[in-house]
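Each remark here refers to the structure printed beneath this line.
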């Protein structure tokens, strides 16, 4: 069947019920497993680790590069990617004649549910996808935000300090928790934090997502945050710092909802003291 790709700006020919799927995006891989399509997945990226058994599939590349010899060996009838950073590799796959369909990168929490539905549509599991999205939506609706809202700073270690702006699904998710991101007015999805702005922001809570390659102690993390301009913030004075597991809030697959549920509970404990 021919499906129009907004990302590529053209129609893509894919089977109505693909049986050999390669997923290059961790969020898509997790979604396929949640939909019961594990047996259809023949290859994943090096970063696809949710659920853990996804790591048992052949690895055919990273987020930005593909091992074409391995990809040809697998003979996929559908390759799934996301837009954003993967736009270049998606176009390259399309130009080489591979059946690639890039899905739009979510920009809000509810965009993650949209991703779930669209993955289901593409692989012939739309009913399962609607049911999964409905369950996730109900769980999101049950999260009670902090009242009154608090001002928060989020950082993820991606080889360097990165925070999020107006067009990030993470900013949207923080809002659902009752946390107003201090960089929420910046018109970018991702940016490097400005210490001078943080020093003036009156941050009440810090949410830090660690790198899997850099184990952190509380003392080390505090030193990092002081360097960011947060030494005199209420967050550091009152110990309101949440250290997240790597690839948790930054992951935009179905398990993002579980992360929000757990983070909501932690925040409520912090602000009930």
> Order of 66-73, 170-177, 103-110 by packing, highest average Cβ count within 10 Å first?
Replying inline: 170-177, 103-110, 66-73
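Express the relative contact order of segment 126-273 as a whole percentage, based on alpha carbon pairs under 8 Å and six or more residues apart in sequence.
Computed value for segment 126-273: 24 percent relative contact order.
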> Assuming a viscosity of 1.306 mPa s and a temperature of 10 °C, what translational diffusion coefficient in µm² per second does Stokes-Einstein assign to segment 1-159, Rh being the Kirkwood radius over Cα pairs?
Replying inline: 96
>> Can you give me the distance in nm between label points at residue 114 and residue 221, each placed 7 Å from the Cα along the Cα-to-Cβ direction?
In response: 3.3
>> Just to compare against my own numbers: the Cα pair-distance distribution for segment 150-270, 5 Å bins, whole % per bin, please.
In response: 2, 11, 24, 27, 23, 11, 2, 0
> Stretch residue 166-residue 231 to full length: gain in nm at 0.36 nm per residue minus the Cα-Cα span?
Replying inline: 20.9 nm
> Any idea what the relative contact order of segment 1-151 is, in percent, if you count C-alpha pairs under 8 Å spaced at least 6 apart?
Replying inline: 22
>> How would segment 58-151 be classified by its alpha-carbon gyration tensor: rounded, prolate or oblate, with rounded meaning a/c under 1.5 and the a/b versus b/c comparison settling the rest?
In response: prolate
> In degrees from 0 to 90, rounded to the nearest 10, what is the angle of the helix 256-270 Cα long axis to the longest principal axis of the chain?
Replying inline: 10
> Counting alpha carbon pairs within less than 8 Å and at least 6 residues apart, what relative contact order, in whole percent, applies to the chain?
Replying inline: 15
> Against the longest alpha carbon principal axis of the chain, how many degrees, from 0 to 90 and to the nearest 10, is the axis of helix 126-141 turned?
Replying inline: 0
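How much length is gained on full extension from residue 141 to residue 194, taking 0.36 nm per residue of separation minus their Cα-Cα distance? Don't jump to the answer; show the numbers that get you there.
On the way: separation 53, 0.36 × 53 = 19.08 nm, distance 3.32 nm.
Roughly 15.8 nm would be gained on extension.
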> In degrees, nearest 10, range 0 to 90: what is the angle between the Cα axis of helix 109-123 and the longest Cα principal axis of the chain?
Replying inline: 10
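No value in this document is a laboratory result; all are computed from the given coordinates. Just so you know, these numbers come straight off a predicted model, no measurement behind them. Don't worry about glycine lacking a Cβ; one is built from the backbone with ideal geometry, like all the others, and counts go over all protein chains shown.
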